[in-house]
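The values are calculated or read from the model by the stated rules, or taken from the named source; none is laboratory data. Everything numeric here is computed off the predicted structure, so don't read it as measured data. Cβ coordinates were reconstructed from backbone atoms using ideal geometry, including for glycine residues, and neighbour counts include every protein chain displayed. Heads up: the accessible areas ignore ligands, DNA and RNA and are worked out on the full protein's heavy atoms, side chains in. Shrake-Rupley method; radii C 1.70, N 1.55, O 1.52, S 1.80 Å.
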Number of protein chains: 2
Amino acid sequence: MRFMTKIRTERRADALSKERIVEAAIAILDQDGEGALTFRALAARLATGSGAIYWHVADKQDLLAAATDHVIAQVTAQVTTKAVKGATPQEAIRALALGVFDAIDAHPWVGGQLSRDPFQYAVLRILEGVGGQVQALGVPQQAQFNAATALMSFILGLAGQYAAGAEFHARGMDRTTALRAVAAKWAQLDPIEHPFVRQVAAVLPEHDDREQFLAGIDLILAGIESVR
Amino acid sequence: MRFMTKIRTERRADALSKERIVEAAIAILDQDGEGALTFRALAARLATGSGAIYWHVADKQDLLAAATDHVIAQVTAQVTTKAVKGATPQEAIRALALGVFDAIDAHPWVGGQLSRDPFQYAVLRILEGVGGQVQALGVPQQAQFNAATALMSFILGLAGQYAAGAEFHARGMDRTTALRAVAAKWAQLDPIEHPFVRQVAAVLPEHDDREQFLAGIDLILAGIESVR
DNA sequence: AGACTTATGGAACAACGTTCCAGTCTTATT
DNA sequence: AATAAGACTGGAACGTTGTTCCATAAGTCT
């Protein structure tokens, strides 16, 4: 919270710090879901009081943004160092997008947080990665903004949906049975008013989310190339 | 809450009903934002108690979904009746997407709600509209699912971002000055680590959201046509 | 007229984010 | 070594929220 003019010597091994708080928050989020992260639960896990946490963290939104950035930073770092050598821009974009997707798959709360605040640092990281590859793709300068933000919106949109879906089948139910339940409900809709949704319902339970996500990315990439 | 086997005679002119509750909720949401909708505020506006509201509405999520559906139903109804006559599928998709965009622009809370719950009825309405036009576009059956959901994800992604942005400049600040503030922050980022975001920052304050949104739609449409 | 369902409104509950504050520990200065 | 000043801690307390409970009224049916 304050700037430290001198080098900090360690207090104790279990001293509080933003990093330790964020890691504990991630552990709670991963283990028990988005609703389980409260300052009381966090304080209990860190064996302290809620007030102490506020010395290192501005508020809950700050905490969630830091946790999200912690996860996304690993993704962007890993992807950019691995994909730089001899990959086409298209491949790099696919790798980055899939990295984000897998991160959300492993930490569903990240999806919700990403889609909720477009100006947080984690989103900026992804936009930078996507934008750089859009440039490398040879898209003219005026079109780069629209191309990169379109990819971003698609990624964030699916992030939010996936996160909501994960929340939906929180306990016990796995993804397939949860989707089957939704599909069953959709299949009972009025055939005249909702023909397409009924057709989708048939495919929904056994579709591959990763494949669907990648297909969307490829669709946008094809669109970008067609207007290049 | 219960099924009514007989026709309901009216109680009083000011009798509570789900419709009246939803309309009051929309009025609060539009006037004072997402954070202002509480059951206490709602009860005060309807001159009743919070308990009475729960007779007509399951919980807050149900209320928000109903309010969102109220807004989106108007959009889909208006677009489908107007755009049917002599419009290409592409034009119909653009009209539908723009209708959703304008609805979110007029009611920013709709954007947040749409991106938060992908299985609510309002989303289903949009998917049906998009999907029908994707079929009309001549996309082969196996590809329809990916094409329609990609359009949906993009729309919902931008919906969430736009809603978050609207929340961001809640009081006094208009959109341009709010974006200028974000752009100023981005312009101060490290040029080596974030070259693209800095370039975006220059364009950000004076860009047109509607145009950006439409450009994304057209990009995906171009992608769909290129693989047709 | 009574019995039963539908509907109302206000009190009460548990949980949350956040603030406050009385202390304790660490470091720098005398 | 003593002391002052800041950094940090932990737990109590505050105000607000969604939701539940319940006594009671209004309407409907036999």
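Figures for the structure shown
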quantity	calculated
Test: residue in the stretch B:95-117 that is open to solvent by less than 20 Å² (accessible area, probe 1.4 Å) and more than 15 Å from the chain's Cα centre (by Cα)	no
Filtered residues of the stretch B:14-40 (kept if assigned to a helix (DSSP H, G or I), under 18 Å from B:Thr68 (Cβ atoms) and within 13 Å of DNA strand D (Cβ to nearest atom))	B:Ile21, B:Ala25, B:Ile28, B:Leu29, B:Asp32, B:Glu34, B:Gly35, B:Ala36, B:Phe39
Qualifying position, being within 16 Å of DNA strand C (Cβ to nearest atom) and either exposed (fewer than 15 other Cβ atoms within 10 Å of the Cβ) or at pLDDT below 95 (or both), among A:Gln31, A:Gln142, A:Gln120	A:Gln31
Selection count where residues are open to solvent by less than 50 Å² (accessible area, probe 1.4 Å), more than 10 Å from every other protein chain (Cβ to nearest Cβ) and of a type in the set (S, T, N, Q), scope the stretch A:184-228	0
Within the stretch B:41-80, tally of residues that are away from DNA strand D (no atom under 15 Å from the Cβ), open to solvent by 60 Å² or more (accessible area, probe 1.4 Å) and within 14 Å of chain A (Cβ to nearest Cβ)	1
Pairs with Cβ under 8 Å, 6+ apart, first in the stretch A:65-79 and part of a helix (DSSP H, G or I), second hydroxyl-bearing (Ser, Thr, Tyr)	A:Ala65/A:Tyr121; A:Asp69/A:Tyr121
Index of the failed condition, B:Ala67 passing every other in (1) within 15 Å of DNA strand C (Cβ to nearest atom); (2) in the same structural domain as B:Ala163 (by TED's automatic domain parsing)	(1)
All positions within the stretch B:131-174 that are under 19 Å from the mean Cα position of the chain (by Cα), of a type in the set (Val, Ile, Thr) and over 19 Å from B:Gln212 (Cα atoms)	B:Thr149
